[in-house]
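Presented below is the structure to which this report refers.
The values are calculated or read from the model by the stated rules, or taken from the named source; none is laboratory data. Just so it is clear, the model here is predicted, and its values are computed rather than measured. Here the Cβ positions follow ideal geometry from the backbone for every residue, glycine too, while neighbour counts run over all protein chains shown. Ligands, DNA and RNA are excluded from the accessible area calculation, which covers all protein heavy atoms including side chains. Shrake-Rupley method; radii C 1.70, N 1.55, O 1.52, S 1.80 Å.
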Protein chains: 2
Amino acid sequence: MYRAPIDEIAFTLKNVCGLEELQKHEAHSELGDDLVSAILTEAGRFAAEEIAPLNSVADKHGTPFSNGAVTTPPGWKELYHRWIEGGWNGLSANPDFGGQGLPVMLSAAALEMWNSGSMAFAIGPTLTIGAVEALEKHATDELKAKYLEKLVSGEWMGTMNLTEPQAGSDLNALKAKAIPNGDGTYRISGQKIFITYGEHDMTDNIVHLVLARLPDAPAGTRGISLFLVPKLFVNDDGTLGEHNDVRCAGVEHKLGIHGSPTCTMVFGDDGGATGWLIGEENRGLACMFTMMNNARLAVGIQGLGVAERAYQQALAYALDRKQGRAPGEKGEGMSAIAHHPDIKRTLLAMRSRTQVARAICYACAHAIDMSHVAETAEDRKFWSDRAGLLTPLAKAIPTDFGVEVASMGVQIHGGMGYVEETGAAQHLRDSRIATIYEGTNGIQSIDLVMRKLPLSNGEHIDGFISELRQIADEVAASNRPEFGATADRLHAAIEELERVTSWMKAAQAEGCVAEALAGATPYLRLAGLTLGGVLLAKGALRSGTENAAASKDRTLLARSFAETSLYETIALGADVTSSAGSILSLDPEALAS
Amino acid sequence: MYRAPIDEIAFTLKNVCGLEELQKHEAHSELGDDLVSAILTEAGRFAAEEIAPLNSVADKHGTPFSNGAVTTPPGWKELYHRWIEGGWNGLSANPDFGGQGLPVMLSAAALEMWNSGSMAFAIGPTLTIGAVEALEKHATDELKAKYLEKLVSGEWMGTMNLTEPQAGSDLNALKAKAIPNGDGTYRISGQKIFITYGEHDMTDNIVHLVLARLPDAPAGTRGISLFLVPKLFVNDDGTLGEHNDVRCAGVEHKLGIHGSPTCTMVFGDDGGATGWLIGEENRGLACMFTMMNNARLAVGIQGLGVAERAYQQALAYALDRKQGRAPGEKGEGMSAIAHHPDIKRTLLAMRSRTQVARAICYACAHAIDMSHVAETAEDRKFWSDRAGLLTPLAKAIPTDFGVEVASMGVQIHGGMGYVEETGAAQHLRDSRIATIYEGTNGIQSIDLVMRKLPLSNGEHIDGFISELRQIADEVAASNRPEFGATADRLHAAIEELERVTSWMKAAQAEGCVAEALAGATPYLRLAGLTLGGVLLAKGALRSGTENAAASKDRTLLARSFAETSLYETIALGADVTSSAGSILSLDPEALAS
C-alpha cells in the first residue's frame, strides 16, 4: 500500500525548491507552515486511504463502452465526489471563481500524491484544471460566469480536444471545422482522438475545449481557433438543457491507465455541434500554450507519482522476500533480498530517481509561481524564462524516470513482478504513456534545445549553470567526508553541461539545426541528471542537524547518485558533440529495402 | 508484419560468429552453405507466414483455465503441429533419437525467427528441448527409449518444474518431496509455480521434469533430485495409459506472453504422482545445469527475436507516419518521421542493439558448438570456458536490449504505441519477462563476476579481451574514414573493460565480495557493450566488397553505436570502481521507517 511521504515532500518544497521564498511574498502571506502542513497531511491521507485502494480495481475493470456511454470503474464516481467535496479540484484556481488561489507548488505536491494513489484517477481533474486556466485567461465574462465556477468546484469536468488521426505532434494538419452561425456561436464538426475523459458517468456535464479551423483560416497553426463545446447545453439559469451534437464513438484499449477513458469524439455528426469561441479567432494555439506549461509539468508529476509508489512497493517486497544469503550477513537462513548488494544498488537508484523527479517538478512549479508574483518586469522575465527552461526538463526527466523506476520495481519482484496480481507491472504499464503524451520526450528535448537555450540571448541558461555550480562549490566547501566524491562528480557534470551547452548554441548560431536536433535527447538527459544531482546535494546540505537520520539518508542519496548516475553525464556529453555525423548520414528508406 | 532478416542472420553466423570454422569441422561436414541457406530460408518463411500472424491473436485470447484444463489460443495447436511436421523441434537434437544433429548456431538462428514470430509460441518447444537435453545426458536407456523420440519429434512436449513459492532464485529452499516406492519409482508430491506450458491441449502427453527432495536428503541444493513425471503414464508398447497424479491448479494472469500458459502444478494431491529418477539421487542440480547454459542462451534469443520484430515494426511506422518537417527536407508537406534527426537516432539505436544481441547470441552458440566438436582437452576447456563466459552476457544483454528496443518502438509510435491494436506495446509486455526468468539479469551479472571471471585462473577473460583488441586494431589499421571514431571508441572501451576486470579480480582476491557484487550489474553491461561494439565493427570489416550497400550499412551501424552507446562504457567502469562504498552503506530497513 501507499504511504504519502509528507515529510520528504514538505522538506523538498521548503528547503530545496524555494517555497520559503514564496511564503515571504505578500501574495501568499496566509500560507504559513501550519497551513502547508495541514494541506499536505490531508491530501496525503486522501491519496493513501481513498484513492490508492481503487488503483488496481480500476485497472482490472477499465472503462467499458456501450452505445455511446462510458462506464467508469466501481467506486470511481463516488471517489471523485468525495475528492471534489474536499475542495481539492480548485487548489490553485482563482478565488473569484471559488478556487483557493494556492501556489502551483502546493497543487504540484498534492498532485504527486493523487498520482501515487492512481494516475488513471488523477489525470481527469488535471484536464479540468487545464480547461479552467484557458477559460480564466481567454474566455469572455459571459462564458466565465456560466462555466468557471462549476469547473473549479469539479461539479463538471473539462477536456482538451486537440489530436486528430493525421495531426498529433504536428497540429498544422488539423482539420476539424468551425463555421460561424451568425449569432456569436459556431458550428463545430470533426473527429478527435485520444480524448482523455472525453465521455464518462462521473459528472452531469462535460465541457470540451476543441481546436478547429474557421472557413478561410490561414493554413498551419496560425489558422486554428479554440472553442468551448459543452456536452449538454447550459441554460441561462445554470440548469442543463439538451444534448449538444457531440458523442463518444469508442474508447481505446490501452497498455495502461485503464481507469481513464481515452475516447474518440465525434463533433457535428448530426448537423453540427454548437461551440463558443475562446479568445480570438485563429489564436487558438496561443490559448493552448497558456496551459501547455502547466500541463507538461502535470505529466511530469505523473511520472513522479508512479515512481514513488513503485519504489515503496519494491522496497516493501525486497524487505519481505527472502532468497539466498547476502555477503557478511549474520544469523541463520536466507536474507531479505534488500540486503543483497545488487538490490541495494537498485533501491538506491529507484529512490534517488524518484527524489530527483520530485525536486525538478517542484522547482519548475516554483518558477511558475515566482513568475506570477514577481513585481518587476526584470523578475517576471527571469522567472518566466526559468519556468520555460525547466518545463521540458520537468516533463521529460520525471516521466523517463517513472518508466525506469517502475521497470526496476518489476525486476525486484522477480517472477511475481510479471504477474499482474502484485501490481508492480501496472506501474510500468501506467507510467509508459507519460513519456509520450503532452509532447513526446523527443519533442521536449527539441523544445529545450531550440526554444529554451536561446532565452534571453542564451544568457538565462548560463546563469542557471552558474547557480548549479554554486551548490557544487558549497558541497566541496562543506568538507563532509560522507559526501564522498559528490562535489567532484557534480563539478565534472556541470563542466560537461557547460561545454555541451556552448556546442549547442554554436551549432544553432552556425545554422547546423539538424546537428543540434540529433543530440537533443542526450542533451536533455545530461541537463536533467546534472540538475538532479545538484538538487539532491542541496537537500543534503539543507538538512540541518535536527534530524540526523534524514540528513544521513539524504547525503547517501546524493552521494550514491553522484557516484553512479552522474558518470552518465560525461557519456551523454560526448555523444551529443560527436555523433551527429553518423546519425544524420542514416538513410531510413534504405533500411526498409 | 515480420520479414525474416535471412541475409543478416546468415552473414552474422558465417562472417561474424564463426560458423565457417564449424563447417570446416568433420562433425559438420554435411553443413554446406546451401544447406544453411535452405534451413534459414524455410525457417524464416515459416516464422513470417505461419507464426507471426498469430502473435496478436494469442495475446488477445490468452490461455483460459477451467477445471484443470488449459485452452490454447485459436490456431495454436494446428500451428504447433505444422511446425513439428516440418521437423523443426529436433533441429539440434541427437540423430539417434530422430534429431537432425545440427549445430546450436543453426538452431539459435531458427529460434530467433520463431521468437520474432511469437515469443509465446517459441517458448514451449524451448522447454521441450531442455527436457530432451537432460534426458539425453542423464536418463537411463529405458527412459530414453520410452520418451526421447516423442520429445524430439515434438509429439509430446516437456516442462521444467523448479520454482516453488519460497524457492525461486534460491533452490536451497525447495520443499517438493520424493519417496521411493521400492520398485524403482518414486512418489512425488508438492506444488510448483510458474511452470511454462505446464498444462495445455496441444499434445497428447506432457513430460514433466521435476526437482524434489528425497527423505533424509542433505539440506540445500545438494539434496535435490530430478524426476520424470509424465502427465499420462506410458505403457511398454508406447501407448498412453492412465492419468498420473499431477494437475494444473491455475494459470497466471501475466503482463505479456499471453499465449504461453504459466501454470501452477500440483503433484501428488491424490496419493502421490509417480516419478522416475533422472541421473543420480541428490544430483538433480547437476542435471539441471546441463541444460542451464542452453536455456539461458534461449532466453537471450527471446530478447533478440522480439527486438528484431519491434524494430521492423517501428521502422515501417516511422517511414509511413508523417508529422512536422525535417530540417533540410526538400519538397512540400510533412516529412515521414523517420527523417527527423531524433527518430534517426532512435532507429539506429534500435537496429544496432538488435544486431549486437544477435551477434552475442550467435557467438555464444558458436562456443557451445565448438566445445562439442573440440578434439583436444585444451580446446574443449577453452571453448567450454568461452561458452561459460558468454552465457551470462548472451542472457542479459539481449534481454535488456529487448526491453529497451521494444520501449523505443512504443515511443516511435507515439500515442498509437500505447494503444494495444498496433502491437507495439505487446512487444514491450512480452519482452519484459526475459530479463527475469532463467536467472534474473542481476543473477547473470553475479555469475559473470563470481564464476566466469575466475575461469582458468582468470586468464580466460584476459585472452578474451585481447581478442577484442585485435579487432579494434584492425579497425584502426583499415584507415577507412567511414569508421569515424570507431577505433578510438573501441580502444577506450576495451581499456576500461581491462581496468575494471582487474579491479573485479583484485576485489575478489582480497575477499571484498560485497564490493564486487555491488558493481556486478554495470560490469556486465560494460562487458556487453564493449563486446557488442567489437562484433558490429567485425561485421563491417568482414562485409567485403560484393554488396556495397550492406557494407555501408554495417559500417554506419558500428560507427553510430561506437559514437553513442560506447561512451556509456566509461561511465559504467567508473561506476563499478567507485560506488561500492555508498551502495553498501545503505541500510534498507531504515528506509521503511
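Taking Cα centre as origin and charging only the Cβ of basic (Lys, Arg, +1) and acidic (Asp, Glu, -1) residues, the dipole magnitude of region B:6-153 rounds to 600 debye. From the alpha carbon centroid of region B:30-82 to that of region A:532-554 is 55 Å.
Residue by residue along B:491-497, Cβ atoms of other protein chains within 10 Å of the local Cβ number 0 on average. Shape call for region A:157-286 from the C-alpha gyration tensor, a ≥ b ≥ c root eigenvalues: rounded (a/c under 1.5), prolate (a/b greater than b/c) or oblate? Oblate shape, in that a/c is at least 1.5 and b/c is the bigger or equal ratio. Against the compact-protein benchmark of 2.2 N^0.38 Å, the Cα-based radius of gyration of the protein assembly as shown scales to 0.93.
What base-10 log of the normalised intensity I(q)/I(0) is obtained for chain B from the Debye formula, alpha carbons as equal point scatterers, at q = 0.09, 0.12 Å⁻¹? These q points yield log10 I(q)/I(0) values of -0.71, -1.27. For chain B, the longest principal axis of the C-alpha atoms and the axis of helix B:548-564 are separated by about 90°. When the helices of chain B are scored as -39500 (n - 2.57) per DSSP H run of n ≥ 4 and the total is divided over every residue, the value at 222 nm lands at -17000 deg cm²/dmol.
Averaged per residue, chain A has 35 square angstrom of accessible surface, using a 1.4 angstrom probe with ligands and nucleic acids left out.
Between B:C512 and A:D34, the modelled label-to-label distance comes to 5.4 nm, taking each label 7 Å out from Cα in the direction of the beta carbon.
Relative to the longest principal axis of the C-alpha atoms of chain A, give the angle of the C-alpha long axis of helix A:567-578, reported between 0 and 90° and rounded to the nearest 10°. It works out to around 60 degrees. Can you pull out the GluC sites (Glu not before Pro) in region A:504-564 that DSSP calls coil and that have at most 15 other Cβ atoms within 10 Å? Hits after loop and neighbour filter: A:E510, A:E546.
Against chain A, whose longest principal axis is taken from its Cα atoms, helix A:284-320 shows a tilt of about 40°. Surface calculation, 1.4 Å probe, protein heavy atoms: A:H258 sits at approximately 40 Å² accessible.
Can you work out the FRET efficiency for the pair B:T545 and B:E421, with r the C-beta to C-beta distance and R0 = 60 Å, to the nearest 0.05? Taking R0 as 60 Å, the efficiency between B:T545 and B:E421 is 0.85. Exceedance of the 29 Å cut-off in Cα-Cα distance is limited, within the set A:K144/B:K322; A:K14/A:K330; B:K60/B:K150; A:K395/B:K538; A:K175/A:K254; B:K322/B:K395, to A:K144/B:K322; A:K14/A:K330; B:K60/B:K150; A:K395/B:K538; B:K322/B:K395. Taking a straight Cα-Cα cut-off under 16 Å and skipping sequence neighbours fewer than 8 places away in the same chain, the lysines within cross-link reach of A:K505 are A:K452. Using a 1.4 Å probe over protein heavy atoms, the accessible area lost on pairing A with B, summed over both chains, comes to approximately 7000 Å².
Restricting region B:9-112 to GluC sites (Glu not before Pro) that sit in a DSSP loop and have at most 13 other Cβ atoms within 10 Å of their own Cβ leaves B:E30. In this structure B:R358 has an accessible area near 10 Å², from a 1.4 Å probe over the protein heavy atoms. What FRET efficiency do you get for B:E21 and B:E42 if R0 is 25 Å and r is their Cβ-Cβ distance, rounded to the nearest 0.05? Once the sixth-power term is evaluated, E becomes 0.55. Computed in the context of the full set of protein chains, the accessible area of the protein assembly as shown at 1.4 Å probe radius has 50% of its extent on carbon or sulfur. Per residue of peptide B:565-576, the mean number of Cβ atoms on other chains within 10 Å of the residue Cβ is 5. Across the alpha-carbon atoms of region A:62-152, the computed radius of gyration and Dmax are 14.3, 42 angstrom.
The Cα-based radius of gyration of region A:443-581, divided by its Kirkwood radius, gives an Rg/Rh of 1.04. With 50 Å² as the minimum drop in accessible area between chain alone and full protein complex (1.4 Å probe), the qualifying residues in region B:248-264 are B:H253, B:L255.
A DSSP coil position with no more than 12 other Cβ atoms inside 10 Å describes the following GluC sites (Glu not before Pro) in region B:333-436: B:E375.
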